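Student: Okay, handing you the structure first.
The values are calculated or read from the model by the stated rules, or taken from the named source; none is laboratory data. Small disclaimer: the values here were computed from a predicted structure and weren't measured. Cβ sites come from the backbone with ideal geometry, for glycine too, and all protein chains shown count toward neighbours. Protein only, heavy atoms only, side chains kept; ligands, DNA and RNA dropped before computing areas. Shrake-Rupley method; radii C 1.70, N 1.55, O 1.52, S 1.80 Å.
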Amino acid sequence: GTAATLVDAARDGSFLLFDKVDVDDGVWLLPLKGGQPRNLGPQIRTALISPDASRILVYELAASPDGLMRPTIKILPANGGAAVTSLAVQDNAAPSVWGADSSSLTFLDTSDPFWNLSRIRLPNGKPERVTRFTEGRCTTFEWSPDGTRLAIARRIGDATNVWVTAADGSKPS
């Protein structure tokens, strides 16, 4: 067999995503209740399963109008089929993660000096600011499982601390 690395696993245990270490053919989906592995696409380098396991966020390299290969976010149905949404990855967006409700993507906006969080509501939303910090820099974050809070690591000077906010970015503590 070919060596593989785990990319992500569905919370409901129905499938997982893996990458073949020695083969450059993208990310694969493996149903855990029987069935054959399915390649999500040869140009896919990163993939993330939605919390409700219905969709998969993938980063795919595609030719842009300027002729360069650029990452594109596609949202694929987990059960197969064509992408339901395709978004150009903004140069200022650090990697996107699913919102807890599986209906939005959240990312660190690196064009903001404090790297505040922004969200895009699917399928065709525009980026909207979530946090509004005015010092330090957000470095990473995680949604609570119920989607009511965000845990955000922020670096201020030499110290990094975790802040917790409401889902809309308010009430940081």
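Student: Show the residue pairs meeting these rules: Cβ distance below 7 Å; 6+ apart or different chains; first residue within the range 105-125 and within 17 Å of Ser170 (Cβ to Cβ) and among the β-branched types (Val, Ile, Thr); second residue at pLDDT 90 or above and not in a loop (DSSP other than H, G, I, E, B).
Tutor: Between residues of the range 105-125 that are within 17 Å of Ser170 (Cβ to Cβ) and among the β-branched types (Val, Ile, Thr) and residues that are at pLDDT 90 or above and not in a loop (DSSP other than H, G, I, E, B), the close pairs are Thr106/Leu117; Thr106/Arg119.
Student: Out of the residues in the range 31-68 that are in a loop (DSSP other than H, G, I, E, B) and of a type in the set (S, T, N, Q), state the one that is farthest from Ser96 (Cα to Cα).
Tutor: It comes out as Gln36.
Student: Now a separate question. Name the single residue, out of those in the range 138-162 being within 21 Å of the chain's Cα centre (by Cα) and farther than 28 Å from Lys74 by Cα, that is surrounded by the most Cβ atoms within 10 Å (Cβ to Cβ).
Tutor: Arg154
Student: Any chance you could count how many residues in the range 68-84 are open to solvent by 60 Å² or more (accessible area, probe 1.4 Å) and either closer than 23 Å to Ser144 by Cα or modelled with pLDDT under 85 (or both)?
Tutor: Qualifying residue count, the range 68-84: 3.
Student: Just for the range 122-137: of the residues that are modelled with pLDDT of 90 or more, under 18 Å from the mean Cα position of the chain (by Cα) and open to solvent by 20 Å² or more (accessible area, probe 1.4 Å), which one is nearest to Ser86 (Cα to Cα)?
Tutor: Among those that are modelled with pLDDT of 90 or more, under 18 Å from the mean Cα position of the chain (by Cα) and open to solvent by 20 Å² or more (accessible area, probe 1.4 Å), it is Glu128.
Student: Exactly one of (1) in contact with a Phe, Trp or Tyr (Cβ under 9 Å, 6 or more places away or on another chain); (2) without any contact (Cβ under 8 Å) to a residue 24 or more places away in the chain is unmet by Gly157. Its number?
Tutor: For Gly157, the failing item is (1).
Student: Name, by its number, the condition in (1) of a type outside the set (Gly, Ala, Ser); (2) without any contact (Cβ under 8 Å) to a residue 40 or more places away in the chain; (3) more than 21 Å from Ile44 (Cα to Cα); (4) open to solvent by 20 Å² or more (accessible area, probe 1.4 Å) that does not hold for Leu87.
Tutor: Status for Leu87: all satisfied but (3).
Student: Something else: Identify, from the list Phe114, Phe107, the residue that is among the aromatic types (Phe, Trp, Tyr) and open to solvent by less than 50 Å² (accessible area, probe 1.4 Å).
Tutor: Phe107
Student: Exactly one condition in (1) farther than 16 Å from Asn124 by Cα; (2) touching a residue at least 24 places away in the same chain (Cβ under 8 Å); (3) in contact with a Leu (Cβ under 9 Å, 6 or more places away or on another chain); (4) assigned to a loop (DSSP other than H, G, I, E, B) is not met by Ser102; state its number.
Tutor: With respect to (1) farther than 16 Å from Asn124 by Cα; (2) touching a residue at least 24 places away in the same chain (Cβ under 8 Å); (3) in contact with a Leu (Cβ under 9 Å, 6 or more places away or on another chain); (4) assigned to a loop (DSSP other than H, G, I, E, B), Ser102 is out only on (1).
Student: Can you confirm whether Thr165 is open to solvent by 60 Å² or more (accessible area, probe 1.4 Å), of a type in the set (Ser, Thr, Tyr) and touching a residue at least 12 places away in the same chain (Cβ under 8 Å)?
Tutor: no
Student: Shifting gears a bit: Restricting to the range 20-59, what's the tally of residues that are open to solvent by less than 50 Å² (accessible area, probe 1.4 Å) and among the acidic types (Asp, Glu)?
Tutor: The total comes to 1.
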